[in-house]
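The values are calculated or read from the model by the stated rules, or taken from the named source; none is laboratory data. All of these numbers come straight from a predicted model, not from anything done at the bench. No Cβ is skipped: glycine too gets one built from the backbone with ideal geometry, and neighbour counts run over all protein chains shown.
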Amino acid sequence: MGWVIFFVIVIIIVISVNKSKRKLNKLPEINRSQSPIIPKIKQPAEKKPAQKKTLYEDDYPDDELEGNENSKFINTKVVGTTYKNKDRTSRQRIIKECKVGEKLLLIQSPDERNNDEIEYEDGIKVFRQNNEQLGWLAEYLASEIIELFEKGWKADATITNITGGTEEKPTIGCNLKIELRQ
């Protein structure tokens, strides 16, 4: 007897679930006598995945060495700006004091300044004129520029933008333009 009651309850539940599904899926009634064309039921628009966008996309320059056989230039970022210098000075504080248009020094590492806790054999350090280090050039870029230095090329570096320092992006960065010439 217990099994019979159980099956009756299951059948009642299945029937009530099916009725509620039919109510949810029920299409609107169409009066064919008033309209010879059956209207299309509008399907919900397919959602396109949101494009991923770098939050601070404008802060990132092109980063490609361009030019000809006599002169080249690149817009790039200084890397390692969140580290402290060997003398424990804050690169973030140093960059805060920098101005757009300020001329910078590019020094091939290792060098006599030895201002960094990390020495890269083929690195280029970025300094202010007063010998305060802001950071480094990216390793791949430094190797290209070192090759040009070895061929007698000279470089001028200028700050083009100070980035960050806001509530949304507290880390301060430094963009620069490097102009190379023979």
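Return yes when GLN129 is of a type in the set (S, T, N, Q), out of contact with any Cys (no Cβ under 8 Å at 6 or more places or on another chain), assigned to a loop (DSSP other than H, G, I, E, B) and at pLDDT 95 or above and no when it is not.
Yes; evaluated as a whole, the condition is true for this residue.
Residues in region 156-173 that are among the acidic types (Asp, Glu) and under 18 Å from LYS125 (Cα atoms): ASP156 alone. Within region 69-95, which residues are more than 23 Å from the chain's Cα centre (by Cα) and β-branched (Val, Ile, Thr)? Selection gives THR89, ILE94.
Cβ-Cβ distances below 6 Å connect the following pairs, each with a first residue in region 112-141 that is closer than 20 Å to LEU180 by Cα and crowded, with 17+ Cβ neighbours inside 10 Å, a second residue that is of a type in the set (S, T, N, Q) and modelled with pLDDT under 90, and a separation of six or more residues or different chains: GLY123/SER109; ILE124/GLN108; LYS125/SER109.
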